[in-house]
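Visitor: One structure, pasted below without further comment.
The values are calculated or read from the model by the stated rules, or taken from the named source; none is laboratory data. Computed from a predicted structure; not experimentally measured. As a convention, Cβ positions derive from the backbone with ideal geometry for all residues, glycine included, and neighbour counts pool all protein chains shown.
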Amino acid sequence: MIFFRKLWAIVWKDLLSELRTKEMILSMCLFSFLVLIIFSFALGAEVMNLKTIVPGILWVVFIFSGLMGLGRAFGAERDRGTLPGLLLCPLSPWGIYLAKMVGTFIFTAIMEIFTLSIFIILFNLNLLPFLLPLGLIFFLGTLGFSAIGTLFSAMSAATKSRDTILSILVFPITVPMLIAAVKATETILAGKTVTEVYSPLKILIAFDLIYLLIAYLTFTFIIEE
């Protein structure tokens, strides 16, 4: 119980800091909004089966917008000189990683809710019947993205061009998970049975566990460099 209280203290610190500056949320939401506007003008209203391209558009927007926030997970701590103080808190490196990952997950989820709302308005889609299964897919996809993204954010925080390096690191390793997320979303929107989405869901869960295991084994060495 004490562990979770300490973990939540770090998460709450990041949330309060973001509420004061709003740098991460505003940049992520603004970028996703602009991308959706571009897609809406490019596709127009002449697309016959919009639901076939919805999954790809959504996840491209999620990943690109999410990358804008990943660099702030540990980059802000390095820029402000508060990282040594963070490492001195009575919490294991694994606990610090989990706290940062939870914060990244929350910010990314807020961006996804905003993006999905704008998407529904722009493309005049009714996604309410699919909201529950889509929520599960988005949760698993966002968890995997936050898990590996937070690790790479710590790895690239000390570099000058951390945003570029972060993109180079995150994109290749998240491609299999992204494909599974797009496939699962497409299956749900096509109105197919839940059993047909089990395969991509199992892939998403597997990648979530793999990313968390990698972070558990390597984060201590990365953060102490």
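Visitor: Give me the residue from segment 184-205 that is surrounded by fewer than 18 Cβ atoms within 10 Å (Cβ to Cβ) and of a type outside the set (S, T, N, Q) and, out of that set, modelled with the lowest pLDDT.
Guide: Restricting to residues being surrounded by fewer than 18 Cβ atoms within 10 Å (Cβ to Cβ) and of a type outside the set (S, T, N, Q), the top hit is Val194.
Visitor: Taking Leu91, is it outside any helix (DSSP H, G or I) and crowded, with 18+ Cβ neighbours inside 10 Å?
Guide: yes
Visitor: May I ask you to list pairs of residues, at least six apart or on different chains, whose Cβ atoms are under 6 Å apart, with the first in segment 112-137 being within 20 Å of Phe41 (Cα to Cα) and at pLDDT 85 or above and the second being surrounded by 11 or more Cβ atoms within 10 Å (Cβ to Cβ) and among the small types (Gly, Ala, Ser)?
Guide: Thr115/Ser32
Visitor: Still on this structure: Scan segment 28-35 and tell me whether some residue there is hydrophobic (A, V, I, L, M, F, W, C), within 30 Å of Pro93 (Cβ to Cβ), surrounded by 15 or more Cβ atoms within 10 Å (Cβ to Cβ) and modelled with pLDDT of 80 or more.
Guide: Within segment 28-35, one or more residues are hydrophobic (A, V, I, L, M, F, W, C), within 30 Å of Pro93 (Cβ to Cβ), surrounded by 15 or more Cβ atoms within 10 Å (Cβ to Cβ) and modelled with pLDDT of 80 or more.
Visitor: Here is a further query. If we scan segment 197-205, do we find a residue that is basic (Lys, Arg), touching a helix residue (DSSP H, G or I) at 6+ places or on another chain (Cβ under 7 Å) and in a helix (DSSP H, G or I)?
Guide: no
Visitor: Does Ser117 fit the bill of being in a helix (DSSP H, G or I), over 13 Å from the mean Cα position of the chain (by Cα), within 22 Å of Met28 (Cα to Cα) and not charged (D, E, K, R)?
Guide: yes
Visitor: Considering each of Thr174, Thr159, Thr185 in turn, give the residue that is farther than 30 Å from Arg5 by Cα and assigned to a loop (DSSP other than H, G, I, E, B).
Guide: Thr159 is the lone residue from the list that is farther than 30 Å from Arg5 by Cα and assigned to a loop (DSSP other than H, G, I, E, B).
Visitor: Can I ask one more? Being touching a helix residue (DSSP H, G or I) at 6+ places or on another chain (Cβ under 8 Å), surrounded by fewer than 17 Cβ atoms within 10 Å (Cβ to Cβ), more than 28 Å from Met1 (Cβ to Cβ) and not β-branched (Val, Ile, Thr) narrows it down to one residue among Leu128, Leu134, Leu122; which is it?
Guide: Selected residue: Leu122, the only one of Leu128, Leu134, Leu122 that is touching a helix residue (DSSP H, G or I) at 6+ places or on another chain (Cβ under 8 Å), surrounded by fewer than 17 Cβ atoms within 10 Å (Cβ to Cβ), more than 28 Å from Met1 (Cβ to Cβ) and not β-branched (Val, Ile, Thr).
Visitor: Specify the residue that is modelled with the lowest pLDDT; the eligible residues are those in segment 210-225 that are surrounded by fewer than 12 Cβ atoms within 10 Å (Cβ to Cβ) and assigned to a helix (DSSP H, G or I).
Guide: Here the residue is Phe221.
Visitor: Have a look at Leu151, Leu178 and point out the one that is more than 30 Å from Ile53 (Cβ to Cβ) and either surrounded by 15 or more Cβ atoms within 10 Å (Cβ to Cβ) or basic (Lys, Arg) (or both).
Guide: Leu151
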